Amino acid sequence: MSGTFVGMPEFPPPTHLAFPEAARNAVRDTTLRGNLRHATHTIRAKRAKAVAELSDWAELREAGKRIKDHTLRHLDRYLEQVEESVTAAGGTVHWAADAAEANRIVTQLVKETGESEVVKVKSMATQEIGLNEALEAEGIRAYETDLAELIVQLGKDRPSHILVPAIHRNRGEIREIFTREMSEWGRPAPEGLTDTPAELAEAARLHLREKFLRARVGVSGANFVVAETGTLVVVESEGNGRMCLTLPETLISVVGIEKIVPTWQDLEVFLQTLPRSSTAERMNPYTSTWTGTTDGDGPRAFHLVLLDNGRSDTLADEVGRQALRCIRCSACLNVCPVYERAGGHAYGSVYPGPIGAILSPQLRGTQSAIDASLPFASSLCGACYEVCPVAIDIPEVLVHLRERVVEGGRVTREGNTVVLRPAKGHAAERAAMRAARWAFSRPGALRAGQRIASRTRRLHPRTLPGPGRAWGATRDLPPVPAEPFRDWWQRTRGGDGGKGAAE
């Protein structure tokens with residue numbers, strides 16, 4: 001699986017598999033497909049029931065969209081307000097332009113404490129920048145404490161889902177991982193461990209408890225940052241986050257700059273929509289908030305690392321910027337027919353599924369094979385847009401990014417305007433689209449072409465030759481009618497002035 005993962009640094013190695021190849025390998029794994037099908041169908045059914053309880057869901061969805069759009073339009077002002085609020089509350093704010101800078105900041109902060117290990121709250125941002133690997137390179141061990149993240153870490157694996165990183169594993173596989181690996185990371189799994197959920201959860205609890213009590217440094221992300229007070233918010237279901245956020249002496253939070261909401265009143269909207277869209281709960285069992293530091297309560301030192309890593313470039317794209325509304329609920333993954341069959345690893349990113357297909361190519365650029373292929377990893381069915389709690393029009397952004405890959409053009413990278421060359425492998429597609437544009441803009445040529453196609457239809461192949469084989473391998477070409485529509489219309493309606501169509 002590591003062969004398809006490229007992480008989120010800006011220049012991923014160019015040798016990793018493009019999505020079609022990675023997906024082709026994944027769909028052959030019947031166990032993986034079974035695990036995904038069961039999990040995604042269960043989660044989305046529960047979500048639909050939870051959402052149906054709210055008569056004003058559509059209004060909440062629209063409110064979330066507007067709050068996010070307003071914040072993104074005025075992000076410069078709100079970022080400065082966050083820094084002022086966090087500093088006033090006793091915290092320290094650091095600015096990281098990219099993954100490398102964020103990793104340097106966090107590593108140095110941990111070293112200054114004299115500690116060689118940290119406990120972590122589940123965090124997409126730290127996965128995005130490859131923080132665990134950066135810490136390990138400096139002799140610092142990071143322990144994941146979320147149950148699913150623990151499974152992934154012990155299994156030397158990669159997350160495959162935003163909400164449930166180990167969704168590709170079943171209970172039997174988890175038991176084997178715990179039995180084989182726990183002893184190398186700390187407390188071993190109990191003797192005779194079975195694959196019942198209660199026993200697996202208890203084994204994880206016992207394994208992690210000693211780490212919570214020993215750790216002096218905690219690392220987290222945040223679901224939201226409230227600008228008016230500098231408050232950070234983490235929502236979770238297990239309680240491990242609460243332990244990591246309160247017990248250590250030093251807390252370091254790495255947060256993407258798009259996670260800001262202006263006020264507590266704005267936060268109220270998302271605390272209704274996020275749990276229903278993610279875990280299908282009315283509210284999260286644990287909602288932890290912290291504002292700076294307080295004597296005698298919680299960590300003595302708090303550091304906030306505000307991460308850009310391609311977000312400002314994404315913000316510069318008028319169509320693509322809506323991806324920054326994402327609140328990481330994963331609802332789009334659970335309804336996506338492509339994700340359900342291919343799984344998360346095929347996307348080559350910590351952000352899999354439909355949201356990953358539009359977010360990763362914007363954060364990293366489309367120069368690599370995997371990022372150039374991600375906008376095409378969709379059927380454009382629109383199910384992702386229908387369930388998104390902040391109304392991100394993912395199909396619109398996918399088409400927008402496909403155009404960027406095929407045609408090239410101006411984009412913003414590292415704050416500078418650059419001109420992308422058209423991607424290789426799309427020459428035939430570009431030629432076909434140009435020919436179609438020429439024909440559709442000339443009615444006479446289009447009419448002649450339709451007549452020729454109808455009269456030669458018996459000679460047409462059932463599948464496309466040459467570059468079209470990739471499309472035709474699983475599809476038959478639609479048959480050409482015996483008579484073009486224009487000729488049929490003229491023959492059947494041409495003498496009545498067009499009235500027949502309205503009758």
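Values as computed for the structure displayed
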| quantity | calculated |
| --- | --- |
| More than 23 angstrom apart: percent of Cα pairs within the range 225-353 | 44 |
| Size of charge dipole - the chain - debye, nearest 20, with Cβ of Lys, Arg +1 and Asp, Glu -1, no other charges | 3000 |
| Computed label-point distance, nm, for sites T417 and A137 using a 7 Å Cα→Cβ extension | 3.5 |
| Ranking by accessible area, most exposed first, for F440, F270 with a 1.4 Å probe | F440, F270 |
| Separation of alpha-carbon centers, the range 406-443 and the range 142-179, rounded to whole Å | 41 |
| Solvent exposure, largest accessible area first (probe 1.4 Å, DNA, RNA and ligands not counted), of V335, V119 | V335, V119 |
| Environment charge of K111, counting only residues whose C-beta is closer than 14 Å and scoring Lys/Arg +1, Asp/Glu -1 | -2 |
| By average C-beta atoms within 10 angstrom, highest first, the peptides 417-426, 259-268, 321-330 | 321-330, 259-268, 417-426 |
| Accessible area (Å², 1.4 Å probe, nearest 10) - L109 | 20 |
| Cβ-derived FRET efficiency at R0 22 Å, R469 paired with V27, nearest 0.05 | 0.70 |
| 0 to 90° range, to nearest 10: angle between helix 264-278 axis and the chain longest Cα axis | 70 |
| Cβ-defined net charge surrounding G34, 14 Å radius [Lys, Arg +1; Asp, Glu -1] | +3 |
| HN-Hα J in Hz across the range 243-248 - Karplus 6.51, -1.76, 1.60, θ = phi - 60°, x for Gly and Pro | 5, 5, 7, 10, 7, x |
| Label-to-label distance, nm, for residues given as A436 and D76 (7 Å Cα→Cβ offset) | 4.0 |
| Where a label projected 7 Å from the Cα of E53 along Cα→Cβ would reach, residues of the range 255-271 with amide N under 18 Å | 268-271 |
| DSSP-defined antiparallel bridges as percent of all bridges, the range 206-291, nearest 5 | 55 |
| Violating pairs (Cα-Cα greater than 19 angstrom) within the set K68/K259; K46/K120; K46/K68; K65/K122; K65/K259 | K46/K120; K46/K68; K65/K122 |
| Cut-off under 5 Å, modelled amide H: who pairs with V219 long-range | V119, K120, V121, I252 |
| Compactness relative to 2.2 N^0.38 Å, alpha carbon Rg of the range 321-368 | 1.10 |
| Alpha carbon centroid spacing (whole Å) that separates the range 340-398 from the range 286-339 | 17 |
| With DNA, RNA and ligands ignored, accessible area of W290 (1.4 Å probe; Å², nearest 10) | 30 |
| Around T126: net Lys/Arg minus Asp/Glu count, Cβ-Cβ under 12 Å | -3 |
| Percent carbon-and-sulfur accessible area, the chain, ignoring ligands, DNA and RNA, probe 1.4 Å | 52 |
| Amide H contacts under 5 Å for W290, placed H, 5+ residues apart | L232 |
| Probe 1.4 Å - accessible area at T294, Å² to nearest ten | 80 |
| Relative intensity, log₁₀ I(q)/I(0), of the range 324-410 from a Debye sum that treats every alpha carbon as a point, q = 0.12 Å⁻¹ | -0.30 |
| Rounded to 5, the percent of DSSP beta bridges in the chain classed as antiparallel | 35 |
| Those Cys residues of the chain for which no other cysteine Cβ falls under 4.7 Å | C244, C326, C329, C336, C381, C388 |
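The values are calculated or read from the model by the stated rules, or taken from the named source; none is laboratory data. Here the structure is a predicted model, which means the values were calculated and not measured. Heads up, the Cβs are rebuilt from the backbone with ideal geometry, glycines too, and the neighbour counts pull from every protein chain shown. Ligands, DNA and RNA are stripped out before the accessible areas are found, and what is left, the full protein with its side chains, is counted by its heavy atoms. Shrake-Rupley method; radii C 1.70, N 1.55, O 1.52, S 1.80 Å.
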